[in-house]
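Step one of this worksheet: look at the structure below.
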Amino acid sequence: MNRREDAVRRMLEGAPPSVPPDLHADVVRRGRRMLRRRKAARRLLWLLLLAAAVAFVVWASMARPWVEPPSETTPPLTGW
């Protein structure tokens, strides 16, 4: 363990590595692109949810699944 600690201490005491000058601009551009994609995906999902809700309401108003279907057979005729 002592060797590892010494190696880490040497790395931490040394000068930090140099960063390319155009790195900040690249990172900002990628971040904006990611945010735009996330925003577009979120809007698309809300649009799909809205379309599904409208489709369900239209189907429910046409099919009326809460109403009993009409009887297929007639009741017996008695007392004629």
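The values are calculated or read from the model by the stated rules, or taken from the named source; none is laboratory data. Not measured: the values here are computed from a predicted model. All Cβ positions, glycine included, derive from the backbone under ideal geometry; neighbour counts span all protein chains shown. Note: accessible area is taken over every heavy atom of the protein model, side chains too, but ligands, DNA and RNA are not part of it. Shrake-Rupley method; radii C 1.70, N 1.55, O 1.52, S 1.80 Å.
Sorting 61-68, 33-40 by average packing, meaning the other beta carbons within 10 Å per residue, from highest down gives 33-40, 61-68. Can you give me the angle between helix 2-13 and the longest principal axis of the chain, using Cα atoms only, in degrees from 0 to 90, rounded to the nearest 10? Once rounded, the angle reads 90 degrees. Roughly how many percent of the accessible protein surface of the chain is carbon and sulfur, given a 1.4 Å probe and a whole-percent answer? Of the solvent-accessible surface of the chain, carbon and sulfur hold 65 percent. Given +1 at the Cβ of Lys and Arg, -1 at the Cβ of Asp and Glu and no other charges, the dipole of the chain around its Cα centre is 700 debye to the nearest 20. The angle between the Cα long axis of helix 23-63 and the main principal axis of the chain comes to about 10°, on a 0 to 90 degree scale. Between Leu47, Asn2, Pro75, whose Cα lies farthest towards the positive end of the dipole of the chain when Lys and Arg beta carbons carry +1 and Asp and Glu beta carbons carry -1, centred on the Cα centre? Farthest along the dipole direction, towards plus: Asn2. Among 72-79, 9-16, sorting by the average number of other beta carbon atoms lying within 10 angstrom of each residue, highest first, gives 9-16, 72-79.
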